[in-house]
Amino acid sequence: MMKKETGDLYCDTWLSGDPIYISDLRICNPAEVLSEEPKSRHWRMLDYVAEGIEGTMLIAGPETVAPEATVPVNEHGLHGISIGVWGGSEDVRVLMKLSGDETFTVLTLPGEQDGHRGQKLSEIFFKIEDITDRSIQFGQISWNVSDGTGPGSTISTPANIAYIKLVQLTELEGKRFLEDQSRTDTRRLLAHNDAHTVHFASRPTTPEEIRWHIEPYRDSDVGSLYWEGGIGEQTFYFSKIGKAMTLDGLDDFPRQGDRLFAESWRIFRDKNIDPFEIACEYAHELGLEFHACYRPAGFHFPPPHGHFTQGNTFYETHQNLRCRDRNGNMTPRISYAFPESRMFVVSLLSEMVGYGTDGVCMLYNRRPPLVEYDQPLVDD
């Protein structure tokens with residue numbers, strides 16, 4: 001049997017059609033979320049002229065908390081969809097989806113440190129999709145950093161949207177795209193998520209905000225998602241054996257993100273929602289394998305990050321299982337030379353498998369060694 005040819009269907013660069021630009025974003029609705037002047041919880045309309053295009057963009061800053069807005073689209077059939085953004089030194093992150101999509105996708109444009117990007121428009125590809133009878137929806141990513149709703153209580157990622165670009169596929173291009181999309185033999189890539197930045201960077205509190213981190217792999221060549229399930233005793237799920245990342249009782253953190261991280265986990269616990277379960281289920285819904293990852297060398301963290309392992313921990317209550325240096329001095333890590341240590345970790349791995357994961361991956365990327373001059377090892 002002849003091997004299928006694999007083409008490079010990268011973004012919309014392979015499409016032959018002329019682009020259609022929706023650059024006057026005053027047409028967005030509802031109209032009441034738009035404003036001519038800077039205004040909290042509104043998109044500011046800003047007229048612009050650039051090389052080959054002009055229109056009205058919508059901009060929202062780091063404290064705007066702009067709501068979702070909808071761009072009407074009067075096109076039919078398969079189109080490549082991109083978004084034009086005005087960026088600068090900070091990353092631009094925009095939520096985008098088509099009406100009918102289950103969740104938003106986060107589109108990101110890394111900032112340029114020299115700031116030159118602030119004088120030009122850049123383009124981010126979204127996806128190829130049938131847009132018949134559908135509209136485009138976008139939003140700003142916002143999260144609480146303190147109680148209340150006033151200025152300073154919420155942070156948002158900059159979102160400056162200049163235009164929507166659509167490129168229609170020809171009949172032949174559409175056939176080629178759909179055939180390529182249906183293939184599974186090319187889904188060989190692996191993606192990894194440390195399950196920490198998810199909570200540290202933007203304090204998610206809903207299942208959809210977890211799905212945002214998985215949605216980009218839909219219909220891609222990523223076949224397996226490796227999602228971290230634990231570090232030492234700490235677990236990125238609500239364990240009956242280890243300690244979830246709620247960090248109860250702690251109210252002073254070395255970084256703001258560490259506090260937001262803990263608050264996110266506390267809110268999920270109080271809602272009886274397990275982010276690990278959400279991630280596993282959504283990955284399987286998209287046809288991805290979902291593998292739990294575990295870092296075996298995380299039972300103790302040094303200052304200023306000792307908050308990760310504070311309190312009544314496995315490390316504190318099992319001093320007899322700690323590593324020893326060549327002079328017999330205790331070192332700040334748990335030794336895998338002891339069967340009790342290994343049994344404890346295996347029990348955590350068994351919990352992760354119980355979520356229906358497709359495998360478990362051990363990550364030896366930080367804080368070695370796992371054994372030193374420990375008595376069982378010396379005796380052997």
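Since every read-out is calculated from the coordinates, none of them should be taken as a lab result. If you're wondering where the values come from, they're calculated on a predicted model, not measured in any experiment. Cβ placement follows ideal geometry from the backbone for every residue including glycine, while neighbour counts extend to all protein chains displayed.
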* Structure fact -> The helix 275-285 Cα axis meets the longest alpha-carbon principal axis of the chain at an angle in degrees, between 0 and 90 and rounded to 10, of 50 degrees
* **Net +/- balance of residues flanking His76 in space, Cβ distance below 9 Å, scoring K and R +1, D and E -1** => -3
* Net charge of Cβ neighbours under 14 Å - reference Tyr364; Lys, Arg +1; Asp, Glu -1 -> +3
* Structure fact -> Under the rule rounded for a/c under 1.5, else prolate if a/b exceeds b/c, else oblate, using alpha carbon gyration tensor axes a ≥ b ≥ c, segment 254-351 is classed as oblate
* To do: Can you pull the one-decimal nm distance between simple spin-label points at Asp248 and Tyr364, each 7 Å off the Cα toward Cβ?
  => 3.6 nm
* Please give the peptides 160-169, 26-35 ranked by average Cβ packing (other Cβ atoms within 10 Å per residue), highest first, as a rough proxy for protection. => 160-169, 26-35
* Structure fact -> Taking Cα atoms only, helix 339-353 is inclined relative to the longest principal axis of the chain by an angle, in degrees rounded to 10, of 30 degrees
* Asked: Among Arg176, Arg269, Arg93, which one moves the most in a GNM of the chain with springs linking Cα atoms closer than 10 Å?
  -> Arg176
* Asked: HN-Hα J couplings of segment 47-64 from phi, Karplus 6.51/-1.76/1.60, θ = phi - 60°, integer Hz, Gly and Pro as x?
  -> 6, 8, 9, 10, 5, x, 7, 8, x, 10, 8, 10, 10, 8, x, x, 10, 6
* **Under the Karplus curve 6.51 cos²θ - 1.76 cosθ + 1.60, θ = phi - 60°, whole-Hz ³J(HN,Hα) for segment 105-112, x wherever Gly or Pro sits** => 10, 8, 9, 10, 10, x, x, 10
* Structure fact -> Log entry: pair-distance distribution for segment 121-214, C-alpha pairs binned every 10 Å from zero, whole % per bin is 10, 28, 33, 22, 6, 1
* **Integer Hz, Karplus 6.51/-1.76/1.60 couplings in order for segment 165-175, x for Gly and Pro** => 10, 10, 10, 6, 7, 6, 4, 5, 5, x, 4
* Asked: Once both axes come from the Cα atoms, what is the angle between helix 256-270 and the longest principal axis of the chain, in degrees from 0 to 90, rounded to 10?
  -> 90 degrees
* Structure fact -> the chain, Gaussian network, Cα under 10 Å: of Asn272, Asn327, Asn365, the residue fluctuating most is Asn327
* Given the pairs Lys97/Lys240; Lys97/Lys120; Lys39/Lys97; Lys39/Lys127; Lys39/Lys271, which are separated by over 28 angstrom at their Cα positions? -> Lys97/Lys240; Lys39/Lys127; Lys39/Lys271
* Asked: Roughly what percent of Cα-Cα pairs across the chain reach past 28 Å?
  -> 55 percent
* Asked: What does the helix-only formula give at 222 nm for the chain: each DSSP H stretch with n ≥ 4 adding -39500 (n - 2.57), the total divided by the residues, and the result rounded to the nearest 500 deg cm²/dmol?
  -> -5000 deg cm²/dmol
* Asked: Based on Cβ point charges of +1 for Lys and Arg and -1 for Asp and Glu, what charge dipole magnitude is obtained for segment 189-379 about its Cα centre, in debye rounded to the nearest 20?
  -> 600 debye
